[in-house]
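Peer 1: So that we are looking at the same thing, I have put the structure below in structure tokens.
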Amino acid sequence: MMSVATQRADFTTAVADSPSTGAPVVLDNLVRQFGATRALDGFSLSIDPGEFVALLGPSGCGKTTALRVLAGFELLDSGRVLVDGKDLADTPAQKRDMGMVFQSYSLFPNMTVRDNVAFGLRLRGHRSSQRRERATELLDLVGLSGHVSKFPHQLSGGQQQRVALARALAIEPRVLLLDEPLSALDAKVRAELRDQIRALQQRLAITTVFVTHDQEEALSMADRVCVMSNGRVEQVASPSVLYQRPATAFVAEFVGTSSRVNVDNADGKVRLFSQVVEVRGGAAAIPSGPLDALLRPEDLEVRESPDGLGIVTHRFFFGATTRLQVGIGGVTVKIDVRSSAAASFEIGTRVDVLVHARDVLVTERRPAR
């Protein structure tokens, strides 16, 4: 049996000479309403040719609706869908030149792997020899050349999803749509297939839209991430900018981990754990009224101190790092430390908490629950 490492090497080599097929995509002020619910509420997004963009957000935020509108499976109440400058509002799904991979694989159980991959080509009237050649090529591309005559039930979940990916690519789409394609897989297979999809997309330079609620997937795979809430865009940015410089409190709390701490305005800065800290965006970014600061675990430092105002309440081991929960001033903050240095921070240890971020994001104080 071919090893995973060998399959991955073959997979990467196979895509090296594939042509670029990406098209620019513009979603312009999309509105889609279901009864009293506005699934898309003025949603706009521009995607460059060959770019990989992830739509990230909680359940019900509108990300799958946006994908289905782009695919032509969902009608719009208003707005425009432009692909390569052409408005596709009146173009049926089967004529939009897009490949789609679903969460549930959606393979035909009575067809072989090769026939599943060739299905879209058959609908487009390609000759049998062309279909066979193209399907064989794509199955080799995704590392499944030894499984062409098998049926879906004879494959693992990861293999079935690679067949679904090959089927989507067989029609040579200019836009590839991925609707939570990894969520049904176990953690190890999910990580392997995530790497393979990204490698393939980069080599083919296919414009790709990927829907997920898993921030690790979004941050590790996408060129840019569009964070959505209530049918609207909260922020579109590269993964590093999204994490390090979140534009809103929603993004800061949804992406990564943040602690909310009550702070006082100190002449355009904020007072935090007896320190005065700059505010991200300066004095103009400080809302009126009571304030909360949103702090990443790496924004804080903890030092053992018999007279410290903080107390370690929980410890969570994550391998190279250990996350401490520290109660201080009536709130709980999360602080990451190297696991090699975590032994001295047992539960109940008194500590000082220091802020070493150069600035912090502040927002209106959340009402007490």
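The values are calculated or read from the model by the stated rules, or taken from the named source; none is laboratory data. Just so you know, these numbers come straight off a predicted model, no measurement behind them. Neighbour counts are summed over all protein chains in view; Cβ atoms, including those assigned to glycine, are modelled from backbone coordinates with ideal geometry.
Peer 1: Quick check, is residue 112 free of Cβ contacts under 8 Å to residues at least 24 places away in the same chain and surrounded by 14 or more Cβ atoms within 10 Å (Cβ to Cβ)? Before the answer, list the steps.
Peer 2: Working: free of Cβ contacts under 8 Å to residues at least 24 places away in the same chain: no; surrounded by 14 or more Cβ atoms within 10 Å (Cβ to Cβ): yes.
For residue 112, the condition - free of Cβ contacts under 8 Å to residues at least 24 places away in the same chain and surrounded by 14 or more Cβ atoms within 10 Å (Cβ to Cβ) - is not met.
Peer 1: What is the number of the single condition among (1) within 30 Å of residue 115 (Cα to Cα); (2) of a type in the set (D, E, K, R); (3) modelled with pLDDT of 90 or more that residue 190 does not meet?
Peer 2: (3)
Peer 1: Output the number of residues of segment 221-244 satisfying the condition of being surrounded by fewer than 21 Cβ atoms within 10 Å (Cβ to Cβ), in contact with a Lys or Arg (Cβ under 7 Å, 6 or more places away or on another chain) and small (Gly, Ala, Ser).
Peer 2: So the answer is 2.
Peer 1: Something else: Working carefully through the options 42, 60, find the one that is under 22 Å from the mean Cα position of the chain (by Cα), in a loop (DSSP other than H, G, I, E, B) and under 30 Å from residue 253 (Cβ atoms). Steps first, please.
Peer 2: Working: 42 fails: in a loop (DSSP other than H, G, I, E, B).
Exactly one residue qualifies, and that residue is 60.
Peer 1: Okay, next question. What pairs come up if the first residue lies in segment 205-234 and is closer than 19 Å to residue 71 by Cα, the second is surrounded by fewer than 23 Cβ atoms within 10 Å (Cβ to Cβ) and basic (Lys, Arg), and their beta carbons are under 9 Å apart, counting only those six or more places apart or on different chains?
Peer 2: 206/174; 207/174; 231/32; 231/38
Peer 1: Also: With the checklist (1) touching a Leu at 6+ places or on another chain (Cβ under 8 Å); (2) more than 12 Å from residue 163 (Cβ to Cβ) in hand, flag the one item residue 113 doesn't pass.
Peer 2: (2)
Peer 1: Test residue 326 against the stated conditions and say whether it is within 22 Å of residue 255 (Cα to Cα), in contact with a Gly (Cβ under 9 Å, 6 or more places away or on another chain) and either of a type outside the set (S, T, N, Q) or outside any loop (DSSP other than H, G, I, E, B) (or both). I'd like the intermediate steps shown before the answer.
Peer 2: Numbers: within 22 Å of residue 255 (Cα to Cα): yes; in contact with a Gly (Cβ under 9 Å, 6 or more places away or on another chain): yes; either of a type outside the set (S, T, N, Q) or outside any loop (DSSP other than H, G, I, E, B) (or both): yes.
Yes: the conditions hold for residue 326.
Peer 1: Tell me, which residue of segment 246-261 that is of a type outside the set (Gly, Ala, Ser) and crowded, with 16+ Cβ neighbours inside 10 Å is farthest from residue 45 (Cα to Cα)? Break it down stepwise before answering.
Peer 2: Kept after step one, since they are of a type outside the set (Gly, Ala, Ser), are these residues of segment 246-261: 246, 248, 250-251, 253-255, 257, 260-261.
Narrowing further to those that are crowded, with 16+ Cβ neighbours inside 10 Å: 246, 250-251, 253-255, 260-261.
Numbers: 246: 18, 250: 19, 251: 17, 253: 22, 254: 20, 255: 19, 260: 30, 261: 33 Å.
It comes out as 261.
Peer 1: Which one of 95, 86 is under 18 Å from residue 169 (Cα atoms), in the same structural domain as residue 177 (by TED's automatic domain parsing) and exposed (fewer than 14 other Cβ atoms within 10 Å of the Cβ)? Walk me through it before giving the result.
Peer 2: Details: 86 fails: under 18 Å from residue 169 (Cα atoms).
Step by step, each of 95, 86 is checked, and only 95 is under 18 Å from residue 169 (Cα atoms), in the same structural domain as residue 177 (by TED's automatic domain parsing) and exposed (fewer than 14 other Cβ atoms within 10 Å of the Cβ).
Peer 1: Hey, another quick one. Keeping to segment 336-361, report how many residues are in a strand (DSSP E or B) and free of Cβ contacts under 8 Å to residues at least 24 places away in the same chain.
Peer 2: Of the residues in segment 336-361, the ones in a strand (DSSP E or B) are 336-338, 350-355, 359-361.
Restricting the remaining residues to those that are free of Cβ contacts under 8 Å to residues at least 24 places away in the same chain gives 338.
Adding up the residues that qualify gives 1.
Peer 1: Then there is this: May I ask you to say which residue of 67, 45, 121 is of a type outside the set (Asp, Glu) and over 21 Å from residue 162 (Cα atoms)?
Peer 2: On the way: 67 fails: over 21 Å from residue 162 (Cα atoms); 121 fails: over 21 Å from residue 162 (Cα atoms).
Selected residue: 45, the only one of 67, 45, 121 that is of a type outside the set (Asp, Glu) and over 21 Å from residue 162 (Cα atoms).
Peer 1: In this structure, does residue 322 turn out to be surrounded by 18 or more Cβ atoms within 10 Å (Cβ to Cβ) and not assigned by TED's automatic domain parsing to the domain that holds residue 237?
Peer 2: On the way: surrounded by 18 or more Cβ atoms within 10 Å (Cβ to Cβ): yes; not assigned by TED's automatic domain parsing to the domain that holds residue 237: yes.
Answer is yes for this residue.
Peer 1: Moving on to the next point. Answer yes if at least one residue in segment 180-194 is out of contact with any Pro (no Cβ under 7 Å at 6 or more places or on another chain) and crowded, with 22+ Cβ neighbours inside 10 Å, and no otherwise. Show your work before the answer.
Peer 2: Within segment 180-194, the first condition is being out of contact with any Pro (no Cβ under 7 Å at 6 or more places or on another chain), and the residues that meet it are 180-194.
Pick out the ones that are also crowded, with 22+ Cβ neighbours inside 10 Å and you get 181-182.
Yes, because at least one residue in segment 180-194 is out of contact with any Pro (no Cβ under 7 Å at 6 or more places or on another chain) and crowded, with 22+ Cβ neighbours inside 10 Å.
Peer 1: If I filter segment 264-297 down to residues being assigned to a helix (DSSP H, G or I) and touching a residue at least 40 places away in the same chain (Cβ under 8 Å), which single residue comes out as nearest to the chain's Cα centre (by Cα)? Please lay out each step first, then the result.
Peer 2: First, the residues of segment 264-297 that are assigned to a helix (DSSP H, G or I): 283-285, 297.
This time we only want the ones that are touching a residue at least 40 places away in the same chain (Cβ under 8 Å), so: 285, 297.
Details: 285: 27, 297: 21 Å.
Within segment 264-297, the match that is nearest to the chain's Cα centre (by Cα) is 297.
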